[in-house]
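Notes follow once the structure below has been shown.
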Amino acid sequence: MVDIKYFIYPSYDYDIYRELLENGIKYAYSFGDLNLGKVKVIGKGKTGIVALISSNRVIKIRRSDSPKETLELEAKIQQRAFPSSPKIYHYGKNFIIMDYIEGRKLRRNDRSYLIDLLKRAKYLEDVYIEHMELSRPWSNVIVSTERTYIIDYDSASFKEKPYNVTKILSAFKLNDIAKEYKLGKLDFDKIISILS
């Protein structure tokens with residue numbers, strides 16, 4: 001295990017470090033495919049990095065140069081997104097602790113998980129979440145042995161009429177079905193029936 005201060009990126013920030021320590025987060029594992037100076041991480045984006053803190057938990061730590069002042073709204077949206085998303089256990093201004101999902105990113109044109117992914121996207125619509133990155137699901141979907149998980153709620157928002165299913169269908173070049181669904185001419189169960 002490595003001192004959590006080495007996971008504060010791109011430069012050390014005392015306020016982030018203090019909040020992590022105050023919440024009992026002192027260490028993380030140097031684990032993952034991405035190098036971050038002295039440590040390895042699972043993920044790195046514009047607002048945070050993701051590191052392993054136990055065999056079944058990860059932490060997203062807000063980057064010290066993040067355009068967002070806090071991760072709290074992202075955490076609240078992701079909490080509502082569960083079970084389409086990894087479960088959140090604790091969060092603060094500068095961190096989110098959630099389930100570690102062992103798996104791989106969705107591959108382009110991999111339709112073997114399409115039905116499951118569409119059901120996860122529909123659940124987000126049912127709870128009024130618009131995930132802004134689902135037009136490129138291979139960047140924001142993890143495939144485990146059993147199912148899919150939609151990740152990265154950084155740019156997600158609450159919306160009265162979200163279109164997550166349409167984005168997934170379009171990403172898989174099912175544009176006619178996407179258009180009919182968006183116009184209300186085709187209901188979700190019929191889409192599942194057509195694709196099954």
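Here are some notes:
- Filter result (aliphatic (A, V, I, L, M), within 23 Å of residue 160 (Cα to Cα) and in contact with a helix residue (DSSP H, G or I) (Cβ under 7 Å, 6 or more places away or on another chain)) within region 38-94: 81
- Those strands (runs of 3 or more DSSP E) of region 28-70 in which 2 or more residues are under 14 Å from residue 96 (Cα atoms), over 19 Å from the mean Cα position of the chain (by Cα) and in the same structural domain as residue 87 (by TED's automatic domain parsing) are absent.
- Being surrounded by fewer than 19 Cβ atoms within 10 Å (Cβ to Cβ) and either outside the structural domain of residue 9 (by TED's automatic domain parsing) or not in a loop (DSSP other than H, G, I, E, B) (or both) is a property that holds for residue 80.
- Against the conditions (1) within 19 Å of residue 25 (Cβ to Cβ); (2) outside any loop (DSSP other than H, G, I, E, B), residue 86 satisfies every one except (2).
- Scanning region 121-130 for residues that are buried (at least 17 other Cβ atoms within 10 Å of the Cβ) and in contact with a strand residue (DSSP E or B) (Cβ under 6 Å, 6 or more places away or on another chain) gives a single hit, 130.
- Positions within region 2-21 being surrounded by 12 or more Cβ atoms within 10 Å (Cβ to Cβ), outside any helix (DSSP H, G or I), of a type outside the set (D, E, K, R) and over 23 Å from the mean Cα position of the chain (by Cα), in sequence order: 2
- Residue check, residue 102 surrounded by 15 or more Cβ atoms within 10 Å (Cβ to Cβ) and of a type in the set (Asp, Glu): no
- Members of region 77-102 found to be over 20 Å from residue 66 (Cβ atoms) and charged (D, E, K, R), listed by number: 80, 87, 99, 102
- Residues located in region 79-96, provided they are closer than 16 Å to residue 50 by Cβ and in contact (Cβ under 8 Å) with a residue 24 or more places away in the chain: 85, 86, 89, 90, 92, 94, 95, 96
- All conditions in (1) within 21 Å of residue 104 (Cα to Cα); (2) loosely packed, with under 15 Cβ neighbours inside 10 Å; (3) of a type in the set (Ser, Thr, Tyr) hold for residue 29, with the sole exception of (2).
- Residue 186 meets all of the listed conditions (1) outside any helix (DSSP H, G or I); (2) surrounded by fewer than 19 Cβ atoms within 10 Å (Cβ to Cβ); (3) within 23 Å of the chain's Cα centre (by Cα) but one, namely (3).
- A Cβ distance below 6 Å, combined with a sequence gap of six or more or placement on separate chains, defines the contacts here; from region 115-141, residues that are in contact (Cβ under 8 Å) with a residue 60 or more places away in the chain reach residues that are among the aromatic types (Phe, Trp, Tyr) in the pairs 122/188.
- Inclusion of residue 164 among residues that are within 29 Å of residue 66 (Cβ to Cβ) and of a type outside the set (A, V, I, L, M) is warranted.
The values are calculated or read from the model by the stated rules, or taken from the named source; none is laboratory data. In this text the structure is predicted, and so the values were computed from the model without any measurement. Every residue, glycine as well, gets a Cβ built from its backbone with ideal geometry; the counts of neighbours run over all protein chains shown.
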